[in-house]
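Written below as structure tokens is the structure these notes are about.
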Amino acid sequence: MILSPSILAGDFTRLGSTIQMLNDSEADWIHLDVMDGLFVPNISFGFPVIKNISGIARKPLDAHLMIVDPDRYVAELASMGVEYVSVHYEACNHLHRSLQNIRSHGMKAGVALNPHTPASVLEYILEYADFVLVMSVNPGFGGQSFIESSLRKIAEIKAMIVSKGLSTLIQVDGGVNLKNAGALKEAGADSIVVGSAITSAEDPAAVISALKRI
């Protein structure tokens, strides 16, 4: 599976060291959780931090926009070299347009679904998305426990992708760790976002290596 470690739960006083560790690790992407305090009850970081990260990151940047009206920021993210951008089904009034906007700037477009949102909402949008981000916790905070019903949703989305003959990836974010990553892969996940299970470890690079071997 594609491994995209999240820096959200990391020590931001040592952000440069964290990015360098990820550069040197077996991680595939670097996950950026962008929160505005409106769509989710928390604020994370904005463009100055992303610009600094992009200056030293050697892995593709994967931005998850937990914000209202995300279209306002697509062009700026593209200018910083971000390669993957996911927007929430629940936050976009015109989701087709939002995904087309992301793609028009040369980035891969993802649809994120909150835990309560059923897989069925993807029926008429799936072919316009490069990946689907299944939230396996309620977005807004790191360190939450994995919601087990997410496994069933992943399997449903995988079946939908196969039935449509698409190559859309499934990414999973929230409470992912060494204990449940295998079940996620079996259910159909192609990419996992892992936060505190990596950043709180004594040897984060070793945890990344272990996750890559699942």
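If I filter region 148-156 for residues that are out of contact with any Asp or Glu (no Cβ under 8 Å at 6 or more places or on another chain), surrounded by fewer than 14 Cβ atoms within 10 Å (Cβ to Cβ) and part of a loop (DSSP other than H, G, I, E, B), do I get at least one hit?
For region 148-156, residues out of contact with any Asp or Glu (no Cβ under 8 Å at 6 or more places or on another chain), surrounded by fewer than 14 Cβ atoms within 10 Å (Cβ to Cβ) and part of a loop (DSSP other than H, G, I, E, B): present.
Filtering region 56-100 down to residues that are within 20 Å of His31 (Cβ to Cβ) and of a type in the set (D, E, K, R), which residue is surrounded by the most Cβ atoms within 10 Å (Cβ to Cβ)?
Asp62
Testing Trp29 on (1) within 24 Å of Val207 (Cα to Cα); (2) crowded, with 18+ Cβ neighbours inside 10 Å; (3) modelled with pLDDT under 95; (4) of a type outside the set (Val, Ile, Thr), one condition comes back false. Which one is that?
Unmet for Trp29, out of (1) within 24 Å of Val207 (Cα to Cα); (2) crowded, with 18+ Cβ neighbours inside 10 Å; (3) modelled with pLDDT under 95; (4) of a type outside the set (Val, Ile, Thr): (3).
Taking region 167-214, which residues are assigned to a loop (DSSP other than H, G, I, E, B), in contact (Cβ under 8 Å) with a residue 24 or more places away in the chain and of a type in the set (Ser, Thr, Tyr)?
Thr168, Ser200
Tyr124 is checked against (1) part of a loop (DSSP other than H, G, I, E, B); (2) touching a Ser or Thr at 6+ places or on another chain (Cβ under 6 Å); (3) at pLDDT 95 or above and fails just one. What number does that condition carry?
It fails just one condition, (2).
Do you know which residues across region 60-109 are of a type outside the set (Lys, Arg) and free of Cβ contacts under 8 Å to residues at least 24 places away in the same chain?
Step one: of region 60-109, the residues of a type outside the set (Lys, Arg) are 60-71, 73-96, 98-102, 104-107, 109.
Across region 60-109, the qualifying residues are Asp69, Ser79, Cys92, Asn93, His94, Ser104.
Just a yes or no: is a residue in region 69-80 within 25 Å of Met21 (Cβ to Cβ) and at pLDDT 95 or above? Outline the logic, then answer.
In the first step, residues of region 69-80 are kept if they are within 25 Å of Met21 (Cβ to Cβ); the result is 77, 80.
With at pLDDT 95 or above added as a condition, the list becomes 77, 80.
For region 69-80, residues within 25 Å of Met21 (Cβ to Cβ) and at pLDDT 95 or above: present.
Considering only residues that are in contact with a helix residue (DSSP H, G or I) (Cβ under 8 Å, 6 or more places away or on another chain), among the hydrophobic types (A, V, I, L, M, F, W, C) and either surrounded by 23 or more Cβ atoms within 10 Å (Cβ to Cβ) or outside any loop (DSSP other than H, G, I, E, B) (or both), which ones fall in region 157-166?
Matches in region 157-166: Ile157, Met160, Ile161.
Can you confirm whether Val194 is of a type in the set (A, V, I, L, M), touching a Pro at 6+ places or on another chain (Cβ under 6 Å) and within 19 Å of Ala63 (Cβ to Cβ)? Don't jump to the end; show me each part of the working.
Working: of a type in the set (A, V, I, L, M): yes; touching a Pro at 6+ places or on another chain (Cβ under 6 Å): yes; within 19 Å of Ala63 (Cβ to Cβ): yes.
Considered against the rule, which asks whether it is of a type in the set (A, V, I, L, M), touching a Pro at 6+ places or on another chain (Cβ under 6 Å) and within 19 Å of Ala63 (Cβ to Cβ), Val194 comes out as yes.
Could you grab me the full set of residues in region 32-68 that are farther than 17 Å from Ser79 by Cα and touching a strand residue (DSSP E or B) at 6+ places or on another chain (Cβ under 6 Å)?
Asp33, Met35, Gly37, Phe39, Val40, Asn42, Ile43, Ser44, Met66, Ile67
Please identify the pairs in which a residue from region 125-137 that is in contact (Cβ under 8 Å) with a residue 60 or more places away in the chain has its Cβ atom under 8 Å from the Cβ atom of a residue that is crowded, with 19+ Cβ neighbours inside 10 Å and assigned to a loop (DSSP other than H, G, I, E, B), counting only partners at least 6 apart or on another chain.
If the second residue must be crowded, with 19+ Cβ neighbours inside 10 Å and assigned to a loop (DSSP other than H, G, I, E, B), the pairs left are Phe131/Thr168; Phe131/Asp190.
Restricting to region 167-183, and then to whatever is in contact with a Ser or Thr (Cβ under 8 Å, 6 or more places away or on another chain) and of a type in the set (A, V, I, L, M), can you tell me which residue is surrounded by the fewest Cβ atoms within 10 Å (Cβ to Cβ)? Explain how you work it out, then say what you get.
Kept after step one, since they are in contact with a Ser or Thr (Cβ under 8 Å, 6 or more places away or on another chain), are these residues of region 167-183: 169-176.
Then keep just the ones that are of a type in the set (A, V, I, L, M); that gives 169-170, 172, 176.
Working: Leu169: 19, Ile170: 23, Val172: 29, Val176: 26.
The selected residue is Leu169.
Exactly one of these conditions fails for Ala189: (1) crowded, with 19+ Cβ neighbours inside 10 Å; (2) under 15 Å from Met1 (Cβ atoms); (3) touching a Leu at 6+ places or on another chain (Cβ under 7 Å). Give me its number.
Ala189 satisfies every listed condition except (3).
The values are calculated or read from the model by the stated rules, or taken from the named source; none is laboratory data. This is a predicted model, so every value here is computed, not measured. In this analysis, Cβ positions are derived from the backbone assuming ideal geometry, glycine residues included, and neighbour counts consider all displayed protein chains.
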